[in-house]
1. With each pseudo-label sitting 7 Å past Cα toward Cβ, what's the Ala216-Ala197 distance in nm, one decimal?
2. Give, in nm to one decimal, the length gained when the segment between Leu118 and Leu250 is fully stretched (0.36 nm per residue of separation minus the Cα-Cα distance).
3. Across the stretch 26-42, in residue order, what do the Karplus-derived ³J(HN,Hα) couplings come to in whole Hz, using 6.51 cos²θ - 1.76 cosθ + 1.60 with θ = phi - 60° and x for Gly and Pro?
4. Structure shown: which of Lys104/Lys225; Lys56/Lys104; Lys56/Lys204; Lys56/Lys193 lie over 29 Å apart, alpha-carbon to alpha-carbon?
5. What distance in nm separates the simple spin-label points at Ala72 and Val231, each placed 7 Å from Cα in the Cβ direction?
6. Please report the net charge: other residues with Cβ closer than 14 Å to the Cβ of Leu87, K and R +1, D and E -1.
7. List the residues of the stretch 79-118 whose backbone N lies under 13 Å from a point placed 7 Å from the Cα of Ser127 along the Cα-to-Cβ direction.
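Read-outs: derived from the displayed coordinates by stated rules, not from any lab. Computed from a predicted structure; not experimentally measured. So basically every Cβ, Gly included, is an ideal-geometry build from the backbone, and we count neighbours across all protein chains shown.
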Amino acid sequence: MFGLPALPRHGLNMDIGVHLLIDLENVQPSPLEVEAWLGEAGEAWVFYGPHQLKRKAAFEVDSPRSTLVPIARPGANSLDFHLVFYLGYLAAKHPECRFVVLAKDTDYDPPIAHANTLAFSVERLPSLSIAVPASVKSSPAPSEPSATPPKKRKAATKTTSAKAATMQETKGKVLSEVHVAPKVAIKKPVAQKLPIAIYRDLVKDLGGPHRPASFAALQRHIQTKFGPTAVPEKVQMLVDRLLTADVIILKSGKLSYRST
């Protein structure tokens, strides 16, 4: 019976940092590879059809953090649509998480690009690259004591001792005259977070017929989202995000919009 998206086998985990959505028809990682890739805070969603039942059984045994999602009905691109549906559902439930689609199929790229336009963190990987932690280097074994006793150092001559004493005295005088400036702790600027709700509302505005015609008008429009108090740094942050996501184009100071 198919209704709302399935919940993870072990219940919801609010500390999840990444959701991995696997197209098992397209890419066949082993359950152990998936578990290793997920790290400490990850969740996997494995989408499978009638021809992946053996691989699905392996995930049931060896991947406790994988939720298995069967397709309701076989058909062309059926699994792809199931995966994209879950991607949207999970992104709405956990907007701060990172989402990775594991598939070689480039047909996933348009909805992923759209999700990134709306400030979600989504990407597609054709395969899993597992970063193996560097093994702890073992400390070298203590060397066995030498059979022959070490040679005794020759006693320093009086001349050498006198020179060393003079140098030490000179060094002490110099150091006493040097005033070391106290260390000043440099405070790093706090990175501001993108106001995601305002950004998404802004993207919706810019998709309509009454969008700003000039860059100055766009800046004024963004400022209205924050009220009467000027917040130029936040306005610039949103402009930068619009440029990065290709929502707007600035060329020689002229504003244009991505063709839809």
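1. The two pseudo-label positions are separated by 3.2 nm.
2. Additional length available on full extension: 45.6 nm.
3. 9, 10, 10, x, 7, x, 5, 4, 5, 4, 5, 5, 5, x, 7, 10, x
4. Flagged as over cut-off: Lys104/Lys225; Lys56/Lys204; Lys56/Lys193.
5. 4.1 nm
6. Values: positive: Lys93, Arg98, Arg124; negative: Asp23, Glu43, Asp80, Asp105, Asp107, Asp109, Glu123.
Overall, the nearby charge balance is -4.
7. Those under the cut-off are 103-104.
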